[in-house]
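Trainee: Right, I'll just put the structure down here and ask away after.
The values are calculated or read from the model by the stated rules, or taken from the named source; none is laboratory data. These figures come from a predicted structure and were not determined experimentally. Quick reminder, even Gly has a Cβ in these numbers, built from the backbone with ideal geometry, and neighbours come from all protein chains shown.
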Amino acid sequence: MSQRPQPTKVYSREPVWDASRWLPTTRDEVEARGWDYLDVIMISGDAYVDHPAFGTAAVARMLEAEGLRVAIIAQPNWRDDLRDFKKLGAPRLFFGVTAGCMDSMVNRYTAAKKLRSEDAYTPGGEHGFRPDYATTVYSKILKQLFPDVPVMIGGIEASLRRVTHYDYWSDELKPSILEDSGADLLIYGMGELPLKETIRLLKQGVPFSSLTTVPQTAVLLPPGQDAPKNKRWDDFTLFSHDDCLNERPKYAKNFKDIETESNRVKARRLFQQTGDRLLVVNPPFPTMTETEIDSAFDLPYTRLPHPKYRKRGPIPAYEMIKHSINMHRGCFGGCSFCTISAHQGKFVASRSKTSILREVESIKQMPDFRGTISDLGGPSGNMYKMKGKQQWICDECVRPSCIWPDVCRNLDTDHTALLDIYKSVRETEGVNHAYVASGIRYDLFLHEKGATPEVKASHEKYIDELAAHHVPGRIKVAPEHTSDHVLRVMRKPTFDLFYKFKEKFEKAGEKAGKKKQPVIPYFISSHPGSRPEDMAELALKTKDLGFRLEQVQDFTPTPMTVATEIYATGVHPYDGANVCVARSPEEKQEQRSFFFWYKPEMKKALRASMTRLGLGGIAKRLLDDKRVTEDVTPPPHIAPCGMQLPTSGNLASGQPSQRLAAATKGAKRPMKKGAKPSKADPRAKTGPEAKPKPKPFEKFFKKR
Ligand code: SF4
């Protein structure tokens with residue numbers, strides 16, 4: 001093992017706050033560049049942070065590299081006389097609109113539909129700087145002010161709302177966001193390749209209205225217009241939006257078809273009738289090559305928020321990731337509650353080592369860098385460079401996940417390339433620590449299926465090196481639940497694997513002389529399939545492990561995930577099986593309360609809850625047995641786009657006893673032995689034999 005480099009002070013200078021280093025945001029900044037027109041104006045729901053992890057900057061820098069004149073209007077005021085939208089006039093080519101790095105509703109509201117106290121993408125964490133459904137609000141304003149200028153929408157909000165989708169916050173099935181927003185073109189997924197192709201065609205003089213066959217875009221054709229002829233793609237017609245509104249099975253089948261197509265190497269073009277217009281969703285570009293993804297990260301970012309925010313306080317999401325490196329995009333995990341593969345794709349696009357080390361050098365130049373790279377990660381921290389061994393097998397594959405229900409024999413889980421990057425980064429002069437804060441998939445190195453001796457050796461080495469060099473005190477992993485039947489709905493491996501990982505990781509830590517590196521598990525409550533008794537089991541298992549959970553996550557149904565579709569319909573879109581779902585605030589709160597079994601104020605209500613569930617034995621072990629446990633507040637969660645995810649918060653900061661009292665009000669009597677659960681009882685079994693319980697939200701299937 002090479003010797004750890006001595007800490008090196010890299011610099012002590014102040015940043016250069018010359019606004020001309022950023023893309024212009026005001027008329028003065030545009031004029032200072034000597035520009036008398038703009039090609040593209042980007043409107044964003046996030047503050048402008050000139051960093052590759054922020055989509056607006058990534059797209060704007062790419063357009064700049066294409067030779068276009070680009071300006072950014074970040075977080076415009078949509079409630080006044082709209083001067084922010086007018087201040088730069090009309091662009092020559094189009095407006096580009098994005099809600100930002102997150103869906104605006106996820107950004108603004110908790111899983112309980114309460115306003116969040118902080119917006120992580122706004123200076124000072126202040127909230128109130130973006131509207132609900134930001135993409136739609138911004139697009140409508142632009143169409144009203146500049147009716148002749150095309151509007152293109154993109155980013156995660158547009159991407160995941162590209163077809164009929166369930167919107168949790170309004171409890172409605174909404175049509176493609178193209179319909180509501182009035183935008184002319186939608187780019188889904190990572191925007192670089194479709195944007196480059198769009199710019200190429202526009203430069204050739206193709207009118208914007210004729211851009212109907214660009215891969216990875218969607219358009220809503222005018223009434224009566226047929227889909228453009230195209231020999232490149234096979235076509236597939238989804239059930240219409242009206243069909244979805246009226247018939248739950250059709251809506252569920254649509255989701256399965258959409259997800260299947262988005263997981264194929266060669267997807268089909270999708271059609272969906274929406275009112276009197278045809279929605280056309282063109283297939284995506286192939287996974288980015290190393291050169292293509294490198295070029296997206298190697299642009300001249302300042303890596304800093306725009307100087308105008310200096311007096312408004314730090315931007316929490318930026319503070320979280322400013323010294324971190326995203327090494328790849330895409331995820332083949334296929335977790336039911338996650339949108340990554342629908343947005344970034346199932347196949348992983350990895351940067352070259354040269355590009356990553358170049359970014360390390362850029363970080364070293366940052367004024368506040370003190371030698372710690374906070375994350376060498378990605379959507380799943382250890383999927384770097386992983387792909388199928390035989391591409392022709394992947395070409396035919398429609399599996400939503402390469403690692404669930406088990407690791408595919410064709411998947412190459414060699415960690416050697418990743419280990420090489422880790423070593424090079426930690427041995428870079430000026431780098432004292434290189435941590436891995438992104439969640440890692442331990443199933444990728446705890447399996448033996450199809451693994452050669454060399455690959456198995458890379459698995460062992462990965463655990464050793466992770467424990468020895470790359471853990472910032474504690475390591476966070478995400479088993480998400482402990483019950484096998486919930487984990488099946490989640491598409492996650494059995495909890496037994498967590499025990500295995502914990503044991504191996506602790507041994508590796510001991511070997512490296514680092515005994516105190518706790519493994520912190522991350523869990524979700526109220527995920528479809530999860531019942532209160534499953535949460536009781538979770539509480540007991542985590543207590544037995546010596547954990548006291550503090551920061552936890554409630555399931556939030558975001559558009560375009562399997563779990564959301566189950567939440568919306570009550571059935572699994574793949575097999576039509578009924579799945580129990582916690583929907584009411586009381587049901588959700590009850591599940592969440594089990595995380596906090598150790599709080600004295602929770603015990604009475606939890607005992608009542610478990611007695612009602614017929615779990616008296618578990619109640620005794622959970623609430624009465626004395627056992628030493630430890631607070632396991634997880635380290636900050638780095639979300640797939642490299643951002644910190646807002647969590648549902650720490651119950652300790654609220655009034656748990658009142659909330660739990662509300663949650664357990666009207667608690668039912670425990671079931672008698674042998675009694676069958678009623679239809680409306682959350683204790684009802686999942687599976688095809690279980691009858692669906694009446695769902696108050698089903699109104700949208702009959703509406704309109
Ligand atoms: S064949 Fe295996 S590795 Fe390839 S896409 Fe399918 S599941 Fe993934």
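Trainee: State yes or no: is Arg399 surrounded by fewer than 19 Cβ atoms within 10 Å (Cβ to Cβ) and under 17 Å from Cys331 (Cβ atoms)? Reasoning before the result, please.
Mentor: Working: surrounded by fewer than 19 Cβ atoms within 10 Å (Cβ to Cβ): yes; under 17 Å from Cys331 (Cβ atoms): yes.
When the stated conditions are applied, Arg399 passes them.
Trainee: Let me ask you something else. So Tyr138 passes all but one of these: (1) assigned to a loop (DSSP other than H, G, I, E, B); (2) closer than 20 Å to Leu178 by Cα; (3) in contact (Cβ under 8 Å) with a residue 40 or more places away in the chain. Which condition number does it fail?
Mentor: (1)
Trainee: For segment 386-396, how many residues meet the condition of being near the ligand (Cβ under 9 Å from one of its atoms) and surrounded by fewer than 18 Cβ atoms within 10 Å (Cβ to Cβ)? Walk me through it before giving the result.
Mentor: In the first step, residues of segment 386-396 are kept if they are near the ligand (Cβ under 9 Å from one of its atoms); the result is 386-391, 393-396.
Checking which are surrounded by fewer than 18 Cβ atoms within 10 Å (Cβ to Cβ) leaves us with 389-391, 393, 395-396.
The qualifying residues number 6.
Trainee: Helices (runs of 4 or more DSSP H) wholly in segment 569-619 with at least 1 residues that are over 29 Å from the mean Cα position of the chain (by Cα) - which ones? Spell out the reasoning first.
Mentor: Values: elements: 585-593, 600-612, 616-619.
It comes to 600-612, 616-619.
Trainee: Does segment 449-463 include one or more residues that are more than 16 Å from the ligand (Cβ to nearest atom), in contact (Cβ under 8 Å) with a residue 60 or more places away in the chain and closer than 16 Å to Ser380 by Cα? I'd like the intermediate steps shown before the answer.
Mentor: In the first step, residues of segment 449-463 are kept if they are more than 16 Å from the ligand (Cβ to nearest atom); the result is 453-454, 456-463.
In the following step, the residues that additionally are in contact (Cβ under 8 Å) with a residue 60 or more places away in the chain were identified as 462.
Narrowing the set further to residues that are closer than 16 Å to Ser380 by Cα leaves 462.
For segment 449-463, residues more than 16 Å from the ligand (Cβ to nearest atom), in contact (Cβ under 8 Å) with a residue 60 or more places away in the chain and closer than 16 Å to Ser380 by Cα: present.
Trainee: Six or more apart or on different chains, Cβ under 8 Å: which pairs go from a residue in segment 240-266 that's under 14 Å from Leu173 (Cβ atoms) to one that's assigned to a helix (DSSP H, G or I) and among the β-branched types (Val, Ile, Thr)? Could you list them?
Mentor: Note: pairs meeting the criteria are Arg248/Thr569; Tyr251/Thr569; Ala252/Thr569; Phe255/Val562.
Trainee: Of a type in the set (S, T, N, Q), in contact with a Cys (Cβ under 7 Å, 6 or more places away or on another chain), crowded, with 16+ Cβ neighbours inside 10 Å and in contact (Cβ under 8 Å) with a residue 24 or more places away in the chain: does that describe Thr164?
Mentor: Against the criterion (of a type in the set (S, T, N, Q), in contact with a Cys (Cβ under 7 Å, 6 or more places away or on another chain), crowded, with 16+ Cβ neighbours inside 10 Å and in contact (Cβ under 8 Å) with a residue 24 or more places away in the chain), Thr164 qualifies.
Trainee: Also, I was wondering about something else. Could you check segment 233-290 and list, in sequence order, the residues that are under 22 Å from Gln344 (Cα atoms) and in a helix (DSSP H, G or I)?
Mentor: Asn254, Phe255, Lys256, Asp257, Ile258, Glu259, Thr260, Glu261, Ser262, Glu290
Trainee: Out of curiosity, is Thr482 in a loop (DSSP other than H, G, I, E, B) and touching a residue at least 12 places away in the same chain (Cβ under 8 Å)?
Mentor: Criteria met by Thr482.
Trainee: So Lys507 fits all but one of (1) free of Cβ contacts under 8 Å to residues at least 24 places away in the same chain; (2) buried (at least 23 other Cβ atoms within 10 Å of the Cβ); what number is the exception?
Mentor: Of (1) free of Cβ contacts under 8 Å to residues at least 24 places away in the same chain; (2) buried (at least 23 other Cβ atoms within 10 Å of the Cβ), only one is false for Lys507: (2).
Trainee: Still on this structure: Mind listing just one residue for me: the one in segment 398-440 that is away from the ligand (no atom under 16 Å from the Cβ) and among the small types (Gly, Ala, Ser) and, of those, nearest to Lys266 (Cα to Cα)?
Mentor: Of everything passing the filter in segment 398-440, Ala417 is nearest to Lys266 (Cα to Cα).
Trainee: Looking for something under 13 Å from Asn263 (Cα atoms) and within 16 Å of the ligand (Cβ to nearest atom) - is there at least one such residue anywhere in segment 362-385?
Mentor: No, segment 362-385 has no match at all.
Trainee: All but one of (1) touching a helix residue (DSSP H, G or I) at 6+ places or on another chain (Cβ under 6 Å); (2) assigned to a loop (DSSP other than H, G, I, E, B) hold for Thr556; state the number of the condition that does not hold.
Mentor: Here Thr556 meets the rest and fails (1).
Trainee: While we're looking at this one, here's another question. Looking only at segment 566-574, decide whether some residue is crowded, with 24+ Cβ neighbours inside 10 Å, small (Gly, Ala, Ser) and closer than 14 Å to His165 by Cβ.
Mentor: Yes, segment 566-574 contains a residue that is crowded, with 24+ Cβ neighbours inside 10 Å, small (Gly, Ala, Ser) and closer than 14 Å to His165 by Cβ.
Trainee: Could you tell me which of the residues Lys266, Lys256, Lys250, Lys231 is within 16 Å of the ligand (Cβ to nearest atom) and among the charged types (D, E, K, R)?
Mentor: It is Lys266.
Trainee: Output the residues belonging to segment 34-45 that are surrounded by fewer than 13 Cβ atoms within 10 Å (Cβ to Cβ) and touching a residue at least 24 places away in the same chain (Cβ under 8 Å).
Mentor: Once the filter is applied, which keeps residues that are surrounded by fewer than 13 Cβ atoms within 10 Å (Cβ to Cβ) and touching a residue at least 24 places away in the same chain (Cβ under 8 Å), segment 34-45 yields only Tyr37.
Trainee: Of the residues Leu245, Leu238, which is away from the ligand (no atom under 16 Å from the Cβ) and in contact with a Lys or Arg (Cβ under 7 Å, 6 or more places away or on another chain)?
Mentor: Exactly one of Leu245, Leu238 is away from the ligand (no atom under 16 Å from the Cβ) and in contact with a Lys or Arg (Cβ under 7 Å, 6 or more places away or on another chain), namely Leu245.
Trainee: Right, Ser355: within 8 Å of the ligand (Cβ to nearest atom) and at pLDDT 95 or above or not?
Mentor: no
Trainee: Now, a different point. Go through (1) assigned by TED's automatic domain parsing to the domain that holds Thr98; (2) modelled with pLDDT of 95 or more; (3) under 30 Å from Met42 (Cβ atoms) one by one and return the number of the condition Asp235 breaks.
Mentor: That leaves (3) as the condition not met.
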